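Readers should treat all values here as calculations from the given coordinates under stated rules, not as data from a laboratory. Just so it is clear, the structure is predicted and the values come from calculations on it, not from any experiment. Quick reminder, even Gly has a Cβ in these numbers, built from the backbone with ideal geometry, and neighbours come from all protein chains shown.
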Amino acid sequence: MNGLENWFCATKFWRGVTANRLLPWMLEGSDLGDRVLEIGSGAGAATRALRQKFPSVTSLEYSGAFACELLQDARCVQGDAAALPFANESFTCAIAILVLHHLRSRELQDRAFAEILRVLKPGGSFLAFEIPDGWFARRLHIGSTFVPVPPASAGARLSAAGFSRVAVTFRPGAFVLRAVRANS
């Protein structure tokens, strides 16, 4: 992430938007169980709100020093979304907010989908909030990785990873991916 992203994601404003608008939209109508994996916790904008909703939240951040320094009240693990350091079927839900486009390639995104499927219990949900490709998003990410996830192909990619009940929900300037690991 670049300096602008790091600054913005750590603001009180973004924490409020995440807790009061974004998470309610993402979580609406979902039964997410009690063991949540937060992928890409960053500055912790969603972490506190998730910990208030769920009894167990594990936060994964690529930059361990960044996350663990800021999230002293949560279980925090340094790791890569494309190679999750957790046992199979460890979580009832995985949530990623503005994370997937920071993976360096579509192949790494697809590996992350497979890894998320692996660590979810049967019936577990995956929710991801993303932004579409466009000039504004590209400007915000100057000096940062930006590999957009095209919503039109996201369903096929998640299905190829093994997810079922894949859905994409749109709002202006954003979308949420929802998918479920089939009961096996």
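Can you tell me what percent of all Cα-Cα pairs in the chain are more than 29 Å apart? Don't jump to the answer; show the numbers that get you there.
Values: 2037 of 16836 pairs.
Within the chain, distances greater than 29 Å cover 12 percent of Cα pairs.
Need one number: nm distance between label points at Glu107 and Trp135, each 7 Å from Cα along Cα→Cβ, rounded to one decimal.
Label at Glu107, label at Trp135, 3.3 nm between them.
If you stretched the chain out fully between Val17 and Leu4, how much longer would it get, using 0.36 nm times the residue separation minus the C-alpha to C-alpha distance?
Details: separation 13, 0.36 × 13 = 4.68 nm, distance 1.72 nm.
3.0 nm is the gain from fully extending Val17 to Leu4.
Taking the Cβ of each residue in Ser144, Ser164 as the centre, tally the other Cβ atoms inside 10 Å and list the residues starting with the fewest.
With the sparsest Cβ surroundings first, the list reads Ser164, Ser144.
What does the convex hull of the Cα atoms come to per residue for segment 100-169, in Å³? Write down the numbers at each step before the final one.
Values: hull volume 6.0 nm³, N = 70.
Considering the Cα atoms of segment 100-169, their hull volume per residue is 86 Å³.
In nm, what is the difference between 0.36 nm times the number of residues separating Gln52 and Ser90 and their Cα-Cα distance?
Details: separation 38, 0.36 × 38 = 13.68 nm, distance 2.00 nm.
Once the chain is fully extended between Gln52 and Ser90, it gains 11.7 nm.
Normalising by the residue count of segment 76-184, find the relative contact order in percent from Cα pairs under 8 Å and 6+ residues apart. Don't skip to the end; give the middle numbers.
Numbers: 196 pairs, mean separation 33.1, N = 109.
So the answer I get is 30 percent.
What does DSSP give for the chain in terms of the percent of beta bridges that are antiparallel, rounded to the nearest 5?
Numbers: 14 of 33 bridges.
Antiparallel: roughly 40 percent of the beta bridges in the chain.
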